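Q: Just passing along the structure, written as structure tokens.
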Amino acid sequence: MSNRHQDGSAGDANYGVIGNNYRTYRQPDPHIARFILDALGDAQTVLNVGAGAGSYEPTDRQVTAVEPSASMRAQRPAHLPVAIDATSESLPFADDSFDASMGTFTVHQWSDLARGLAEMRRVTRGPVLVLTCDPAALDRFWLNDYAPEAIATEARRYPSMTAIADGLGGNVKIIPVPIPLDCKDGFSEAYYGRPERLLEPGARLANSAWSFIDPSIGDRFVTHLQRDLESGEWDRLHGRLRHQAFFAGSLRLIVGRP
């Protein structure tokens, strides 16, 4: 594909640049994983599209992973299957090859959402799972007060729930996934009650939105948040979140069945 980056990344983000330390911050969270496992049901053969470093791949089933980025494939742990170099828009499998398929935090990277979802549906006999964020709910997060450019960038990149549901066809269910306070998967909202973590450059780098905005915005964000943490202003406005067990943010699991 002509739009692939040097390391093979097929979407708008270049994981050869931003993905080198991805696994340090983006580990599968058990609470979120439970939603995925429940939706997979009794499926024994599972395709993971845009598999990255392997987050949320079940280890008790036969998993086939597809990941175009060499940087991300190299970060997959030894106990997971080696990922195939391919893209969502052109899956190298026959029709109805898998009991289920899944894609987590990936659809916003695809060059052709409808084609990618149609390909997942083509090769899957049962449920197709998409874990993503609802762009209409991103502004619930306090980051919007500090770096609205980052939120606006994500809102433009994430496909709407309607677009995903239409692409999957069939019987589609959209499931809100509450985010736990100690969430191990460091997408931005995972730090809703731990704002200090977003001062770490690595935590921001593991969220691709920051790579699409001017570095000066990140610098401004760090200065602003650091000042408000030191003065107590952040805690005055949002301190309740430090003890809130779950955050009803933008995370969604879309499950399409034939």
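Q: Given charges of +1 on the Cβ of Lys and Arg and -1 on the Cβ of Asp and Glu, with all other atoms neutral, how large is the dipole of the chain about its Cα centre, in debye to the nearest 20?
A: About 260 debye.
Q: Right, next: How many angstrom lie between the C-alpha centres of region 195-257 and region 150-173?
A: Region 195-257 and region 150-173 have Cα centres spaced 22 Å from each other.
Q: Oh, and also: Of the options M72, H243, A94, report the single residue whose Cα projects farthest towards the positive end of the charge dipole of region 15-257 (beta-carbon charges: Lys, Arg +1; Asp, Glu -1).
A: My answer, from the dipole projection, is H243.
Q: For region 41-52, in order, what is each residue's ³J(HN,Hα) by Karplus, 6.51 cos²θ - 1.76 cosθ + 1.60 with θ = phi - 60°, in whole Hz (x at glycine and Pro)?
A: Once θ is set to phi - 60°, the couplings for region 41-52 become x, 9, 4, 9, 10, 10, 9, 10, 9, x, 5, x Hz.
Q: Taking θ = phi - 60°, what integer Hz values does the Karplus form 6.51 cos²θ - 1.76 cosθ + 1.60 yield along region 30-38, in sequence order, with x for Gly and Pro?
A: x, 5, 5, 4, 4, 4, 5, 4, 4
Q: If you don't mind, another one. From the backbone phi of region 150-158, what are the Karplus-calculated ³J(HN,Hα) couplings (6.51 cos²θ - 1.76 cosθ + 1.60, θ = phi - 60°) in whole Hz, Gly and Pro given as x?
A: With coefficients 6.51, -1.76 and 1.60, one gets 5, 5, 5, 5, 5, 4, 6, 7, 6 Hz.
Q: Relative contact order, percent, of region 23-77 when contacts are C-alpha pairs under 8 Å separated by at least 6 residues?
A: RCO, region 23-77: 35 percent.
Q: Express the Stokes-Einstein translational diffusion coefficient of region 72-194 in µm² s⁻¹, to the nearest whole number, given a Kirkwood radius over alpha-carbon pairs, 20 °C and a viscosity of 1.002 mPa s.
A: Calculated translational D: 132 µm²/s.
Q: Report, for the chain, the % of DSSP beta bridges that are antiparallel, rounded to 5.
A: 50
Q: Still on this structure: As a footprinting exposure proxy, order W142, W234 by other Cβ within 10 Å, with the fewest listed first.
A: W142, W234
Q: Rg to Rh for region 130-169: what is it, with Cα atoms only and Rh by Kirkwood?
A: On the Cα set of region 130-169, Rg over Rh gives 1.05.
Q: Near the amide H of V177, under 5 Å away, which other amide H atoms are found, from residues 5 or more places off or on another chain, if H is placed in the peptide plane?
A: The answer is L251, R252, L253.
Q: At q = 0.16 Å⁻¹, what is the base-10 log of I(q)/I(0) for region 15-257 according to the Debye formula with one equal point scatterer per Cα and no solvent? Please give it to two decimals.
A: Taken in order of the listed q values, log10 I(q)/I(0) reads -1.17.
Q: Got the relative contact order for region 15-257 handy, in percent, Cα pairs under 8 Å and 6 or more residues apart?
A: On the way: 441 pairs, mean separation 55.5, N = 243.
After rounding, I find 23 percent.
Q: Residues of region 167-186 with backbone nitrogen within less than 19 Å of a virtual label 7 Å along the Cα-to-Cβ line of R194, please, listed as ranges.
A: From region 167-186, the list is 178-186.
Taken together, the values in this text are just the output of simple stated rules run on the coordinates, not laboratory data. None of these values were measured; they are calculated from a predicted model. Here the Cβ is made from the backbone with ideal geometry for all residues, glycine too, and neighbour counts use every protein chain on show.
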